1. What full-extension length gain, to one decimal in nm, is calculated for residue 62 and residue 173 as 0.36 nm per residue of separation minus the Cα-Cα distance?
2. So if we plug the beta-carbon distance of residue 232 and residue 83 into 1/(1 + (r/R0)^6) with R0 = 25 Å, what FRET efficiency do we get, rounded to 0.05?
3. By its C-alpha gyration tensor, with a ≥ b ≥ c as the square roots of the eigenvalues, how is the stretch 41-163 shaped: rounded for a/c under 1.5, else prolate for a/b larger than b/c, else oblate?
4. Obtain the nm distance between the two label points defined at residue 154 and residue 107 by a simple spin-label model: each point lies 7 Å from its Cα along the Cα-to-C-beta direction.
5. Answer rounded, prolate or oblate for the stretch 211-309, using the Cα gyration tensor with square roots of eigenvalues a ≥ b ≥ c: rounded when a/c is under 1.5, else prolate when a/b is larger than b/c, else oblate.
6. So, R0 is 30 Å and r is the distance between the beta-carbons of residue 303 and residue 215; what FRET efficiency does that work out to, to 0.05?
7. Using a 10 Å cut-off around each Cβ, can you sort 141, 53 from fewest to most neighbouring Cβ atoms?
8. Roughly how many nanometres apart are two label points built 7 Å out from the Cα toward the Cβ at residue 163 and residue 284?
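Bear in mind these aren't lab numbers, they're just calculated from the coordinates by the rules spelled out. What you see is a predicted model, and the numbers here were worked out from it, not measured in a lab. Neighbour counts are summed over all protein chains in view; Cβ atoms, including those assigned to glycine, are modelled from backbone coordinates with ideal geometry.
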Ligand SMILES: [Zn+2]
């Protein structure tokens, strides 16, 4: 009896410990993963640094959690590669990954890319378990944490030197600057044009900035759940561009933050051009193009249909058929980037002008 009690007490302790671990493993959220600027009022060097998320019209945590969930679903889909023709076709469309026609497994020539894509998605999932440390990574809900300057700033003191940038390099008229994030200064990237968000990284000093357009684009979708669950329908022929969502864009930025892919000077945006990127040069550029992950994950998340032709189609159970990406569509954009001079810095703007403006007659049910 005594030994049973001890045993039970021990079992209870183990159970409690396991529960605590389980809770820890799922308790991370956007507020623990990111240092989120909440300050309002004047920007100072020691307090409010600008870029506040205080009064935004979005449940950032819900969006972040869905982004991680999309990565989980994508990894799980990849685990089911041999048994799911739509998964195979989608991996071909977005990453140029070829199947072995006889066994329906990943072809030998695509095995390395398959592993890398999966590992990069897994890294986003693993990263969500970390906590922010000090100022990094930071999440800003406007670009007001940095501003334009035409002057050189001292990288140690953060103070202007009085020297014009142009006098040193005639090609550089202005750069962005912030006294507390001066490491991210040397770039001409802000929320210009149709930019949705951008990610900066140098060493491990990471930040994601959500731009006004992220909050204001037409038909903003903060969740894909109604379409994932089948509560809302996706008609055949729907252009994938209208499936653009806040979580997918967040996932795109998380891909930059975790993989810190750099050195790519031309990037593809939108389901059409990411698909195109997979068909040129053997698709090798897709692995470092964050938008390919965002659209692949969207395709896997909205798994009631087959998105491998970029328009919604019936899921197929037969062998992979060759898909042609519709290039005449016009959605998406190519961006060319100036590479930062500062070593491993990656600064990337994500203008995803594919919110469905041109697809107002599409049968996407909203
Ligand atoms: Zn990007």
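1. On the way: separation 111, 0.36 × 111 = 39.96 nm, distance 3.96 nm.
Length gained between residue 62 and residue 173: 36.0 nm.
2. Calculated value: 0.40.
3. Prolate, because a/c is 1.5 or more and a/b exceeds b/c.
4. Each label point lies 7 Å from its Cα, and together they span 5.9 nm.
5. oblate
6. Numbers: r = 28 Å, r/R0 = 0.92.
Efficiency, from the Cβ-Cβ distance: 0.60.
7. Going from sparsest to densest Cβ surroundings: 53, 141.
8. Result: 3.9 nm between the two label points.
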